[in-house]
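See structure below.
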Amino acid sequence: MMNSISPSILAPLVRGLCMHAVNAPRVVVTGAGSVPAGALTIDLAAAFEKNDAEGADNGFNSEAEAAAKTMGEAYAAWEFESAPSGADAVRPEPLKKQPSCIALTRGGENLGVFWIDRDIDAARRRAESRDDSFIEEPIPSRDAAEEIIPAGLSAQNRRDVVRNRIALVTGGAQGFGEQIVLGLAASGALVFIADLNIKGAETLAKKINKALGRTAAIAASLDVTSEDSAETLFNTIAETAGGLDLCISNAGVLQAGSVMDQELKSFRFTTEVNYFGYFIIAKFASRLLALQHLTAPAWKTDIIQINSKSGLEGSNKNGAYAGAKFGGIGLTESFALELVAHNIKVNSICPGNFLNGPLWSDPEKGLFVQYLQAGKVPGARTTADVRAFYEKKVPMKRGCEGADVMRAIYYIIEQDYETGQAVPVTGGQNMLH
Ligand SMILES: NC(=O)c1ccc[n+]([C@@H]2O[C@H](COP(=O)([O-])OP(=O)(O)OC[C@H]3O[C@@H](n4cnc5c(N)ncnc54)[C@H](O)[C@@H]3O)[C@@H](O)[C@H]2O)c1
């Protein structure tokens, strides 16, 4: 029981509640101290007692479900009471009000005080100064054209695809992950950069926050092969920002080798990170997203796996990697079928070779150097020859770039009507059958 009412459970419920009310992303910061006067205070005692009495099953879902129901009712009552009345009610209302502080109690016991705003800096400022004035969300004015052209047909809201959303990128310290972090942060998201290389993640977060003049990135330590590490990360995300909208499972490793002599240890390591790692991240991400969904039933969220063209087609002397990536698509399809009930979409992106990224271009241990030394490309005398060989394989004659992957990410998030897909981004090298 004590565990199930920790801030890492309650904060996502508060976040979902607030997003549901205004259909916009919110950041929720867990505060300290007493309940401020302007807070919407919701007493969960009855919800928990009813739940205690009703079932032997006091598990995570039934507890959270009972709390979510009580919170929804309390919020609706608050909205009704604070709605403009009399003359005010007839005036056109351009703003929708939302409490900026929600306190959850259980009888007299304070379970948590949560501060809400559009972005983490604003929510943190409120928590520090205990500013409990309303958040005012503009109600979008109806475009005259919408009378005949339904909303969603024009591209006008496309630049807001990830604005103010909360994202996680695993393996975000370098390579494709770094590109995705930069792209999301520049587009207005708050990004958790989770990596085994915490120094690299911290350096990147610092660089981004300085350049953008806001908290756009937060570094976190993660080993995707460890359930404990993943659980700690998702609890940290819930307690720091209130929840998540987008989980990008990107961390991956490549250890190539012939089926005839690859060490089992190397095969296992590649499988652990690329395949098991995706399962572990999807497991803890979906728990958090499903919790938030209890109070935000219409809000759609995404889990996106960065797969590979090697998940669509075999890769010579690279079976461990291709096998794990093929398996990843099986996981994506299966998770998508299950998680659609929680409005979580699950998709994979299958990029071609990131020839300009560190995996290939690192001057000491990059694949160009390795393949040259191993004689993998017949006749190649320099790393430039190796690069030319791989570029020639692509109908569009170049490697995949971060921007190409970002376009696929924006497509998947914006596309409301698709899940369980593997989207190739390969310059025509892989075509779906
Ligand atoms: N580079 C390519 O050509 C290419 C092509 C297609 C797909 N991909 C996929 O893109 C993803 C990123 O690849 P990249 O080339 O950018 O890799 P990279 O080696 O440049 O970066 C990988 C990042 O993941 C981190 N990482 C490794 N193991 C981890 C673990 N156990 N827990 C947490 N973090 C870990 C590393 O510290 C590093 O920051 C991978 O899933 C890869 O399979 C890469």
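Things worth noting here:
- Remark: the residue 109-residue 300 segment gains 65.5 nm on full extension, using 0.36 nm per residue and subtracting the alpha carbon distance.
- Database remark: amide H of residue 189 closer than 5 angstrom to the amide H of 164 (H placed geometrically; neighbours at sequence offset of 5 or more, or on other chains; Pro and chain starts carry no H).
- Dipole of the stretch 330-433 [Lys/Arg +1, Asp/Glu -1 at C-beta], most positive-end residue of 340, 396, 380: 380
- For the chain, accessible area per residue (1.4 Å probe, heavy atoms of protein chains only), Å²: 49
- To the nearest ten degrees, helix 319-339 and the longest principal axis of the Cα atoms of the chain are 20 degrees apart.
- Listed values for the stretch 353-362 are Karplus-derived 3J(HN,Hα) couplings in whole Hz (6.51 cos²θ - 1.76 cosθ + 1.60, θ = phi - 60°), namely 5, 8, 5, 8, x, x, 4, 8, 8, 3, and x replaces Gly and Pro.
- Cα-projected label distance for residue 77 with residue 384, points at 7 Å along beta-carbon direction, nm: 7.5
- In degrees, nearest ten, helix 45-54 long axis to first principal axis of the chain (Cα): 70
- Computed from backbone phi, the HN-Hα couplings of the stretch 280-293 come to 4, 5, 5, 4, 6, 5, 5, 4, 5, 5, 5, 5, 4, 5 Hz, rounded to whole numbers (Karplus: 6.51 cos²θ - 1.76 cosθ + 1.60, θ = phi - 60°; Gly and Pro given as x).
- Residue 105 long-range amide H proximity, modeled H, under 5 Å: 42, 43, 44, 111
- Remark: spin-label model distance residue 268-residue 417 equals 4.8 nm, labels positioned 7 Å along the Cα→Cβ axis.
- For the stretch 294-311 versus the stretch 408-433, the gap between their alpha-carbon centres in whole angstrom: 12
- Cross-link partners of residue 397 among lysines, defined as those whose alpha carbon lies under 21 angstrom from its own and excluding same-chain residues fewer than eight positions apart: 309, 376.
- Of all the options 132, 143, 228, the one that moves most in a Gaussian network model of the chain with Cα springs shorter than 10 angstrom is 143.
- In range of the label at residue 214: residues from the stretch 15-29 whose backbone nitrogen is under 13 Å from the point 7 Å along Cα→Cβ: 25-27
- Cut-off under 5 Å, modelled amide H: who pairs with residue 318 long-range: 257
- Between residue 261 and residue 364, the FRET efficiency from the beta-carbon distance, with R0 = 30 Å, is close to 0.80.
- Helix 198-212 vs. the chain, principal-axis angle (Cα, 0 to 90°, nearest 10): 60
- Alpha-carbon centroids, the stretch 106-176 and the stretch 331-368: separation in whole Å: 27
- The slack in the chain from residue 49 to residue 143, taken as 0.36 nm per residue of separation less the alpha-carbon distance, amounts to 29.1 nm.
- Sites listed here are trypsin sites (Lys or Arg not before Pro) in the stretch 123-162 whose DSSP assignment is loop and whose Cβ has at most 13 other Cβ atoms within 10 Å: 142.
- Excluding same-chain neighbours fewer than eight residues apart, the lysines reachable from residue 283 by a Cα-Cα span under 22 Å are 300, 325, 345.
- Dipole check for the chain: with +1 at the C-beta of Lys and Arg, -1 at the C-beta of Asp and Glu, and the Cα centre as origin, the magnitude is about 1800 Debye.
The values are calculated or read from the model by the stated rules, or taken from the named source; none is laboratory data. The shown structure was predicted, so the numbers you read here are calculated from the model rather than taken from an experiment. Please note: Cβ atoms are built from the backbone with ideal geometry, for glycine as well, and neighbour counts cover all protein chains shown. Side chains are part of the model used for accessible areas, which takes the heavy atoms of the whole protein and leaves out ligands, DNA and RNA. Shrake-Rupley method; radii C 1.70, N 1.55, O 1.52, S 1.80 Å.
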